[in-house]
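Okay, structure first, notes after.
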Amino acid sequence: MRGNEQLAAIIESKRDFFIQISDKIWEYAETRFEEKQSAELLCQALEKEGFKVERGAAGIETAFIGSFGTGKPVVAILGEFDALSGLSQNRGVAAHNPIQEGGNGHGCGHNLLGTGSLAAAVALKQYMEEHQLPGTVRYYGCPGEEGGSGKTFMAREGVFDDTDFALCWHPAPVNGIMPGSSLANYQVYFKFKGRSSHAAASPHLGRSALDAVELMNVGVNYLREHIIQEARIHYAITNSGGTSPNVVQANAEVLYLIRAPKTPQVEEIYQRVCDIARGAALMTGTQVEIVFDKACSNLIGNSVLEEVMHKQFTKLGVPVFDESEKELARAIRETLTDEDKKMFRRMKGLENKDLADFLLPYSKAGLSVGSGSTDVGDVSWIVPTVQCITACMAIGTPFHTWQLVAQGGTSLGHKGMLHAGKVIAATALEVMQNPELLEAAKAELNQYLDEEPYVCPIPADVKPSAIK
């Protein structure tokens, strides 16, 4: 039996164990840096499988590292397990049906992501034991990917510095390798302080912090016309100053997320947004406090590792779904808009399908820049990094929606999750057994870094925090 087949067999032999973990994390649905139950569950699973676990990695309560083996090479397998607020949803139901109104839900499938990576680490560890292979496998428990950039904080503290390469994956509506780049970003609070007063009797004595927030938002909306096309600026008013319209709002705040292909571009736009905030404060007679929340770098693709992963993915095939899973996918697609469904129509072979049943062709790293962001980007500046995607949901399912939550706790998601574990483990094994591949991957990354060395985009005094 070939190595990839043995790894797949190990994962299949423990499939119920992994599914139970994934479903528990789905139920916990804990948001950024509050994933205490999810993190502990994964730590206990690693310890049960013979890993030595370091809790509180990088000084973050819900970050951890599970290690097995000694010496080189050191492979980092990245896991995520945080949920999103406001996306509570019953599993397997093709209609909006929250478990708890306003509760959390795994709208990006990180219950699957963290567990699929765990499956890869466990399988690789067992294979290394059975074949007495040298090297170290580490599972990195990375909290707060959603709006927290946990990996960036971890990268700043040096926890990836002694690794040789890193692997990760993400649930998706399709099967393939994730080449190309992502958008770097900054997330920043703008907190305005004014002066309260009676809005009717003495409005002239008040200074409205809410007015400042609104003026800032208007100013940034005008800015959009004068930034690069690939950039994105989003905001959420996190404090509107209260619920009494007859009181001039003394305090208000807005949270901005600024994205662009490269960190220096984000920095330039950020400084312009800060100027707009200061202008809004001047116009309203208020003060503004600018509080940096988090950031992440753009992703650097690695064609050497991507080619290895695509080869292993090809050998292992793709997840195969049964009729009940296809029926759920059809029902979910009935809830989607035509625009949702069009998102993947440009991919040849997906027309009129409810679930992906083939592997997308591989295209070389660096050819495209995605519109999303990931803190995996910061890891990719430190060591060669590769990611795959596996079909865990109906074609067209938008991320960060109840539809994704509904599918992430079912066998549809489980199959994609376990398959990702097999692909990651097989890729890691091939690289560990072929030093020339690892050297080529490192050379590719170093060529990029020669022109632009890595600088962590999060200032040293900023600490990770839960949703404020």
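Hey, any hits in segment 40-59 for a residue that's among the aromatic types (Phe, Trp, Tyr), closer than 30 Å to Ile332 by Cα and assigned to a loop (DSSP other than H, G, I, E, B)? No: zero hits.
Leu429 meets all of the listed conditions (1) part of a helix (DSSP H, G or I); (2) of a type outside the set (Asp, Glu); (3) without any contact (Cβ under 8 Å) to a residue 12 or more places away in the chain but one, namely (3). Given Leu438, Leu429, Leu445, which one is modelled with pLDDT of 95 or more, out of contact with any helix residue (DSSP H, G or I) (no Cβ under 7 Å at 6 or more places or on another chain) and buried (at least 17 other Cβ atoms within 10 Å of the Cβ)? Within the list Leu438, Leu429, Leu445, the selection yields Leu445. Quick check on segment 1-37: of everything there that is open to solvent by 70 Å² or more (accessible area, probe 1.4 Å) and of a type outside the set (D, E, K, R), which residue is modelled with the lowest pLDDT? Residue satisfying both the conditions and the ranking: Met1.
Summed over segment 334-354, residues that are farther than 24 Å from Gly180 by Cα, touching a helix residue (DSSP H, G or I) at 6+ places or on another chain (Cβ under 8 Å) and either among the aliphatic types (A, V, I, L, M) or at pLDDT below 95 (or both) total 2. Listed by position, the helices (runs of 4 or more DSSP H) inside segment 283-395 whose residues that are closer than 21 Å to Gly79 by Cα and acidic (Asp, Glu) number at least 1 are 303-316, 376-380.
The set of residues in segment 240-254 that are touching a strand residue (DSSP E or B) at 6+ places or on another chain (Cβ under 8 Å) and either at negative phi or among the aromatic types (Phe, Trp, Tyr) (or both) comprises Ser240, Asn246, Val247, Val248, Ala250, Asn251, Ala252, Glu253, Val254.
Residues of segment 226-250 that are assigned to a loop (DSSP other than H, G, I, E, B), surrounded by 12 or more Cβ atoms within 10 Å (Cβ to Cβ) and of a type outside the set (D, E, K, R): Ile227, Ala231, Ser240, Gly241, Gly242, Val248, Gln249, Ala250. If you scan segment 3-23, which residues turn out to be of a type outside the set (A, V, I, L, M) and touching a residue at least 60 places away in the same chain (Cβ under 8 Å)? Once the filter is applied, which keeps residues that are of a type outside the set (A, V, I, L, M) and touching a residue at least 60 places away in the same chain (Cβ under 8 Å), segment 3-23 yields Gly3, Asn4, Gln6, Glu12, Lys14, Arg15, Phe18, Ser22, Asp23. Just the residues that are basic (Lys, Arg), open to solvent by less than 70 Å² (accessible area, probe 1.4 Å) and over 30 Å from Ala8 (Cβ atoms), please, taken from segment 314-354. Listed by number, the list holds a single entry, Lys341.
Among residues of segment 253-268 that are touching a residue at least 40 places away in the same chain (Cβ under 8 Å), those with a beta-carbon under 7 Å from a residue that is of a type in the set (D, E, K, R) and crowded, with 23+ Cβ neighbours inside 10 Å at least six positions away or on a different chain give the pairs Val266/Arg259.
All told, Ala260 meets the bar of being touching an Asp or Glu at 6+ places or on another chain (Cβ under 8 Å) and either crowded, with 23+ Cβ neighbours inside 10 Å or not aliphatic (A, V, I, L, M) (or both).
Contact map, segment 433-448: first residue touching a residue at least 24 places away in the same chain (Cβ under 8 Å) and among the acidic types (Asp, Glu), second residue part of a helix (DSSP H, G or I) and open to solvent by less than 50 Å² (accessible area, probe 1.4 Å), Cβ cut-off under 6 Å, separation 6 or more or different chains; pairs are Glu444/Val304.
The values are calculated or read from the model by the stated rules, or taken from the named source; none is laboratory data. Worth saying up front: this structure is predicted, and the values here are computed from it rather than measured. With ideal geometry, Cβ positions are generated from the backbone for all residues, glycine too; neighbour counts draw on all protein chains shown. Surface accessibility is based on the protein's heavy atoms, side chains included, excluding ligands, DNA and RNA. Shrake-Rupley method; radii C 1.70, N 1.55, O 1.52, S 1.80 Å.
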